[in-house]
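Trainee: There's a structure below that I have some questions on.
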Amino acid sequence: MTDLKFHWFLPTNGGDGRHIVGGGHGTPAGTGGRPASVAYLGQIARSAEQLGFEAALTPTGAWCEDAWITTAMLSSVSERLKFLVAFRPGLVSPFLAAQMAGTFQNLSGGRLLLNVVTGGESHEQRMYGDFLDKDARYERCGEFLDIVRALWSGKPVGVEGKHFQLSDAVLAQLPDPAPLIYFGGSSPAALDVAARHVDVYLTWGEPPAAVAEKVRRVRELAERQSRTLAFGLRVHTIARDTAEEAWAEADRLLAGISEERIREVQAGLRRSESEGQRRMLALNGGTKDGLEIYPNLWAGVGLVRGGAGTALVGSHQQIADLIEQYVEAGVTEFVLSGYPHLEEAYRFGEGVLPELSRRGAGGTRRPSGSRRPPYPSAPRRRPKKESRRDRAAHQPGPRPPPVAGGVRHLPQRGGGRRRPRRRRARRPGRQLVHLGQPRPAAGVVLHREHVEDVARPAPRGAPGHHDPGGPPLHRGPPAGGRRRPAVRRTAADRDGRGRGHPRRRAGHIRHHDPSRGARRRPHHRAAAPARRTPRRAGGSIAAGLPPQPVRPAPARLTPARLTAAWPTGMWTIARSLSTVYVLLFLLCMWGCSGRRSLPWMVCSSTSVVSRNAW
């Protein structure tokens, strides 16, 4: 089966809700329970993107929000979803429209599709300042599309037409690629414009036989222009697990429509000059009776809504069967919607699309959650930079066997000696290599599965002792006994002043003493660290080094210590003050004594101080 494209709809026409939001084509829009906010529309756009829809149609007209601004805001909350932007030619100049489309296409990564709406209601067109009749609007539309396509080619454009005049117009920023143009219309003038200018011709959901007849007519007109078109269907959907549930939902939507509302909307839609709208009104007849105009094709939506007024109703398999009938008529793209649009997108995307995929259709659907940019011009994420350790651990070829002790060292970058970084000592039990093991060969790569996390070396001959030529050490305490307590490194060892410092004995190759702690982090985290032991005298028992003197740690200041030291502290302060007082008294006596002898002054001051003390 031919690959199909499925698009969804963004309800900017009065919002969304659990009932049919009517209006459009010259009639006032209804109100929904969910306003058309950026948050809610973005939720629908992201859901449609995850479910595998190709694009989302955004309507245009006086009854809805502006399509250009809405889709520009929503393009930042999605990654892959395209936007089928509906706009009316003639309300802006062709050069400005071509520039807007090019900017949108380039900045969004090629996610723009254009839906050209000529306008079928003269009274609505006059609201925009357009007073041309229907045939003149189609004539202007053809001239507009000619100029826009010429500007997208990058060549200078000079036109002296009936509706537009341009002189040496050159578009600096060209869209890459040029957006596809969608177009709909059932009048003879509309079919002629479609055959000469558009890429995809859209029609509303009529029975398959009527759609096949229209496709045949447009295809013949396009062949006269040596062109080939694609064809799409604009229709609603009500998909459920069973047909009974789907038709119960259709009855619920119909029950929420009053007869007065039907008469009001039908009277406004009859003023429309659109040929397609006239055909939609003929399908529903303006009443609630006989709305199933074809098996699983329901015309109840058109009672209160302008434009597309039919829906595919049934189980997932029945809707897939009806879609296949439209495909046989020549339709390859489907623009769908439903109430509410968020829930119906999931029902169709998770029910009908998988069914069509099993039958060999819907080849453009991607898995849910896919973030792969589908366009060459879309921004791509920079791959994560691989670290030197990862590159060394993933080298091709067989991995070398482990050396004694199960440790291999990574080669130094640049081939020179690198100064080791100072790190705090690790707890015992996490060391990789102990003293006495052979020096590893230069240039050998360390692999994580070759690293062994070992405890302190046991005495020779004891259980758990590691022979350099034997198997690697096992982690944990030796069999039959508890692990010997490790000894912490002292400040002398950490500063490199100890006699057994590794750099003095082994150069920059770091063979580490388990009692001193690892100088570098191991390439994996130990499963169970050893128990912390109290601080002891420095040195290394395994290396046979003498213990180093340990400076006593300062006592902690507690309230009890403050109480005990209070008398001594007060006596020290008093003694200091007395000394200062004596010196000052001597100075004063020297000045007042009339330069008497120094012994006399000392004796006099001593007697005074003694009398004062008593």
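Trainee: Rounded, prolate or oblate: pick one for the stretch 219-282, where a ≥ b ≥ c are the square roots of the eigenvalues of its C-alpha gyration tensor, a/c under 1.5 means rounded, and failing that, prolate if a/b is larger than b/c, else oblate. The partial results should precede the final answer.
Mentor: On the way: a/c = 5.35, a/b = 1.46, b/c = 3.66.
Oblate, since a/c reaches 1.5 and b/c is not below a/b.
Trainee: Of the accessible area of the stretch 80-232, with the probe set at 1.4 angstrom, what percent is carbon plus sulfur?
Mentor: Heavy-atom surface of the stretch 80-232 belonging to carbon and sulfur, 1.4 Å probe: 52 percent.
Trainee: Convert each backbone phi in the stretch 231-248 into a coupling constant with the Karplus relation 6.51 cos²θ - 1.76 cosθ + 1.60 (shift: θ = phi - 60°), then list the ³J(HN,Hα) values in order as whole Hz, x for Gly and Pro.
Mentor: Here the 3J(HN,Hα) series is 10, x, 10, 9, 7, 8, 8, 10, 10, 9, 5, 10, 5, 4, 5, 5, 6, 5 Hz.
Trainee: I've got another one for you. Assign one of three labels to the stretch 93-180, namely rounded, prolate or oblate, based on the Cα gyration tensor with a ≥ b ≥ c the square roots of its eigenvalues; rounded applies when a/c is under 1.5, prolate when it is not and a/b is larger than b/c, and oblate otherwise.
Mentor: Oblate is the answer for the stretch 93-180, as a/c is 1.5 or above yet b/c matches or exceeds a/b.
Trainee: Along the stretch 73-86, what does the Karplus equation 6.51 cos²θ - 1.76 cosθ + 1.60 (θ = phi - 60°) give for ³J(HN,Hα), rounded to whole Hz, x for Gly and Pro?
Mentor: 6, 7, 5, 7, 9, 9, 10, 10, 5, 8, 10, 8, 8, 8
Trainee: Here's another thing I want to ask about it. Modelled label-to-label distance, residue 227 and residue 173, 7 Å Cα→beta-carbon offset: nm?
Mentor: 2.7 nm
Trainee: Would you pull out the residues with amide H under 5 Å of residue 24's amide H, same chain only if 5 or more places away, H placed 1.01 Å from N?
Mentor: Sorted by chain and number, the residues that satisfy this are 29, 306.
Trainee: Search the structure for amide H atoms under 5 Å from the amide H of residue 335, placed 1.01 Å from N in the peptide plane, and list their residues when 5 or more places away or on another chain.
Mentor: 7, 233, 234, 235
Trainee: Tell me, what HN-Hα J-couplings in whole Hz come from the Karplus equation 6.51 cos²θ - 1.76 cosθ + 1.60 at θ = phi - 60° for each residue of the stretch 185-195, using x for Gly and Pro?
Mentor: Along the stretch 185-195, the couplings run x, 10, 6, x, 5, 5, 5, 5, 5, 4, 5 Hz.
Trainee: Keeping every protein chain present and rolling a 1.4 Å probe, give me the accessible area per residue for the stretch 1-95 in Å². Present the calculation step by step, with values, prior to reporting the outcome.
Mentor: Numbers: 3140 Å² over 95 residues.
It amounts to 33 Å² per residue over the stretch 1-95.
The values are calculated or read from the model by the stated rules, or taken from the named source; none is laboratory data. All values derive from a computational prediction rather than experimental measurement. Note that each Cβ is placed from the backbone with ideal geometry, even for glycine, and that neighbours are counted across all protein chains shown. Side chains are part of the model used for accessible areas, which takes the heavy atoms of the whole protein and leaves out ligands, DNA and RNA. Shrake-Rupley method; radii C 1.70, N 1.55, O 1.52, S 1.80 Å.
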